[in-house]
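Only the coordinates and a few stated rules stand behind these numbers; no lab work does. These numbers come from a predicted model, not from an experiment. Quick reminder, even Gly has a Cβ in these numbers, built from the backbone with ideal geometry, and neighbours come from all protein chains shown.
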Amino acid sequence: MSKNMKNIDVHALGKVAVLMGGRSSEREVSLMSGQGVLDALRSQGVDAHAFDPAEQELGALKLQGFDRCFIALHGRFGEDGTVQGALELLGIPYTGSGVMASSMAMDKVMTKRIWRFEGLPTPDWRMVASAEETCEAFTALGAPMIVKPARDGSSMGLTKVTDASQCAAAYALAAKYDDEVLCEQFIAGEETTCAVLGEGRFAKALPVIRIEAPDGNYDYQNKYFNDVTQYHCPSGLPAEEELRIQQIVEKAFRTLGCRGWGRADVMIRQSDRQPFLLEINTSPGMTSHSLVPMAARAQGMSYEQLCLYLVAQASLDSDLHQERAI
């Protein structure tokens, strides 16, 4: 990656739109990510401009002469394949995964089904459509249990249920964000995350980050707005444990057909040190608290270099299909 960095011609990147904001529940975080990316690209001499899809139609990207997009949108209407599909139709290359991979990765249940089929470790789960079914899932999965929207991020609408009396409220909260609600077996142990850069067999994991949140509560506030959560990179894990997590995350990334970059959340079960994949983000945060830049720094890549690398990798599904057909 460092060799590729030296060969990037910022002028050849053309006019770059940093897509930020949008209409999802993660708009606030997206604006912070986008501003960081925008400042970083401009500091490297890139002709970069902010573009908020909540304020302008995406078709304006073509009219305004943008050559490529850095997607700093999070959640629905940005990370779920919808924006990627629009950019495919407009013919404007973009950062991150393509339409299908973005759509699948956004859906936690679909992701888990694919990973389970491929033999990758992920906690047991149940899909529920009512408070009663949530109670039934609690009986089946045991305590504690995580209840969350199937297609949202940043821990929005998530509840850790420790007693059956909490099931109804947990379901109601998750259902505010999505009509598909996921109940997931809680894995007691250490929380980690691992980023990946690249595509296909060239996709490589960055150093693992071990997360210590207050009372183990890595929620929306502790992710983005508090400074009490501790992040360890180097992780402090045994070398063979870190390598195993990296290998699992690389396979998880490739299995979904992801490209460009991504970040998977992994729990290490305390009882036997077995890692479990929770979910993968195809448009990770780029705020001051974000973890992909932290892992990149541990490997010698600055925030500015990371942004430049990612925007230089912008591509279209259609281009990749043509290349593979030749």
So how long is each side of region 102-153 along the principal axes, counting just the alpha-carbon atoms, biggest first, in Å? 31, 22, 15
Taking a straight Cα-to-Cα line shorter than 14 Å from residue 15, and setting aside same-chain aspartates and glutamates fewer than 8 residues away, one finds 47, 67
For region 44-178, report the % of Cα-Cα distances exceeding 23 Å. 48 percent
Relative to the longest principal axis of the C-alpha atoms of the chain, give the angle of the C-alpha long axis of helix 239-255, reported between 0 and 90° and rounded to the nearest 10°. 70 degrees
Equivalent ellipsoid, region 262-302 (semi-axes from 5 times Cα gyration tensor eigenvalues, Å): 24, 13, 8
Candidate aspartates and glutamates for bridging to residue 160, where Cα separation is under 13 Å - those fewer than 8 sequence places away on the same chain excluded: 184, 215, 219
At a 10 angstrom cut-off on C-beta neighbours, averaged per residue, how do the peptides 178-188, 27-37 rank from highest to lowest? 27-37, 178-188
Ranked output for segments 39-51, 238-250 by mean other Cβ atoms within 10 Å, highest leading, reads 39-51, 238-250
What value, in deg cm²/dmol to 500, does the helix sum -39500 (n - 2.57) over DSSP H runs of n ≥ 4 give at 222 nm once divided by the residues of the chain? -11000 deg cm²/dmol
Put a dot 7 Å past each Cα toward the Cβ at residue 169 and residue 117; how far apart are the dots in nm? 3.8 nm
Just need the Rg to Rh number for the chain, please, alpha carbons only, Kirkwood Rh. 0.96
List the extent of the Cα atoms of region 159-314 along each of their three principal axes, largest first, rounded to whole Å. 49, 34, 33
How big is the gap, in Å, between the Cα center of region 1-65 and the Cα center of region 157-190? 35 Å
Quarter of the Cα convex hull surface for region 21-101, i.e. its orientation-mean projected area (nm²): 4.9 nm²
Taking Cα atoms only, Rg over Rh for region 75-130 with Rh from the Kirkwood formula is 1.09
So how do 298-307, 159-168, 97-106, 12-21 stack up, highest first, on mean other-Cβ count within 10 Å? 97-106, 12-21, 298-307, 159-168
Report Rg(Cα)/(2.2 N^0.38 Å) for region 221-303, keeping two decimals. 1.14
Volume per residue (Å³) of the convex hull spanned by the alpha carbons of region 129-188 is 65 Å³
